[in-house]
There are 2 protein chains.
Amino acid sequence: MGWMMTRRRCQSRRGASPFPTTCVTRVVQNDDMDQRISLITLGVRDLVRARAFYEALGWRSGTTNDDVVFFQAGGMVLALWDRTLLAEDSGVSDAGGWGGVTLAYNVASPRLVDDTLTDAARAGATIARAGAPTFWGGYSGVFVDPDGHPWEVAHNPDWPLDQEGRVHLP
Amino acid sequence: MGWMMTRRRCQSRRGASPFPTTCVTRVVQNDDMDQRISLITLGVRDLVRARAFYEALGWRSGTTNDDVVFFQAGGMVLALWDRTLLAEDSGVSDAGGWGGVTLAYNVASPRLVDDTLTDAARAGATIARAGAPTFWGGYSGVFVDPDGHPWEVAHNPDWPLDQEGRVHLP
């Protein structure tokens, strides 16, 4: 479903019309799946606790109700939702344990890695790996949120961050 | 670590200098963690199989080597990496099973939900939930990738997609 720009279609008004030529850009979808993720939902055991944790990190929720919390995260959304309901909704069996997904948060320096880990621990996270130089030439550590979701906090000198904090592969 | 723009700092050259006044915008980081995710790493059992699956969906990898595959996904990166190494790197115990994370891919219509599910099944995914109207007023289904990572494919009429496919909370 990739988004594809088509050539600009111009509608010109003929004759003595005072209106200027109008051009519109048409956007159509082609057949490929876009390389993007819209939403990450973290299954949580206690929504109040989970929300308090992310808010303690400085995040502010957007639309929210008693059942779910949404955080705008750049061009995507991070959601917190009851783990049992999410498993059912996702059509998977919840056997417990870590499921093979790690999120990462990149920052501009090793010092900011340590600062973020400190803030996360203060907010209730477990530090699974203290900040230290990595085998790939950067510096990182890992905190695990109150529901067991690991976040690597990393400084990667080879992945520049733009002014909005977005990463760009070299 | 929120990014914050400070006031423009202008350096003016005095006297008869022919150079114009130079203004720079300073960007500093404040103390809050940004509301963004830099990287999602999916732990996989067979990197060749996992890469082939995402490439069959139309994704193209950026920097890559024999050990890891990176896909630029908007302003973030999706990575595929050996599950055992990722667990160790993340400081978590890999007890197996689903770990409470579901990714979602939003599209512009119910028909595109069904098309994406069909494409995913053709690429080797399991369909955990067929496309159908949802309790929240949209339309969605779920495919599970070859390593057990669930992706909801959704049309949410209340979450508009911009021209680059990014979602925006209302």
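Since every read-out is calculated from the coordinates, none of them should be taken as a lab result. Owing to the predicted nature of the structure, the values given are computational and were not obtained by experimental measurement. Positions of Cβ are generated from backbone atoms using ideal geometry, with glycine treated the same way; all protein chains shown enter the neighbour counts.
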Q) At A:Leu169, with labels set 7 Å past Cα in the Cβ direction, how many nm apart are the copies from this one, shortest first? A) 2.9
**Q.** Shortest-first distances to equivalent copies, position B:Trp136, nm, label 7 Å out along Cβ
**A.** 3.0
Q) What is the dipole size for the stretch A:101-170, taken about its Cα centre, with +1 at each Lys and Arg Cβ and -1 at each Asp and Glu Cβ, in debye to the nearest 20? A) 140 debye
Q) Whole-Hz Karplus ³J(HN,Hα) for the stretch A:34-43, in order, using 6.51 cos²θ - 1.76 cosθ + 1.60 and θ = phi - 60°, x for Gly and Pro? A) 4, 8, 7, 10, 8, 8, 10, 10, 9, x
Q) If you draw the axis that swings chain A onto chain B, which residue of A has its Cβ closest to it, and how far is that in whole Å? A) A:Gly99, 1
(Q) Sort B:Ser61, B:Ser140 by Cβ crowding within 10 Å, fewest neighbours at the top. (A) B:Ser61, B:Ser140
Q. For the stretch A:71-170, which GluC sites (Glu not before Pro) are in a loop by DSSP, counting at most 14 other Cβ atoms within 10 Å?
A. A:Glu164
Q.
Label position 7 Å from Cα toward Cβ: report the copy-to-copy distances for B:Gly124 in nm, one decimal, ordered from shortest.
A. 4.0
**Q.** Antiparallel bridges, percent of DSSP beta bridges restricted to the stretch B:102-170 (to nearest 5)
**A.** 75 percent
Q) Say the dipole of the stretch A:101-170 comes from +1 at the beta carbon of Lys and Arg and -1 at that of Asp and Glu; which of A:Pro157, A:Phe135, A:Leu169 then lies farthest toward its positive end? A) A:Phe135
Q. Sequence-distant or interchain residues sharing an amide H contact under 5 Å with A:Asn106, placed H: which?
A. A:Ala154, B:Ser38
Q.
If you consider only alpha-carbon coordinates, what radius of gyration and Dmax does the stretch B:102-170 have, in Å?
A. 11.7, 34
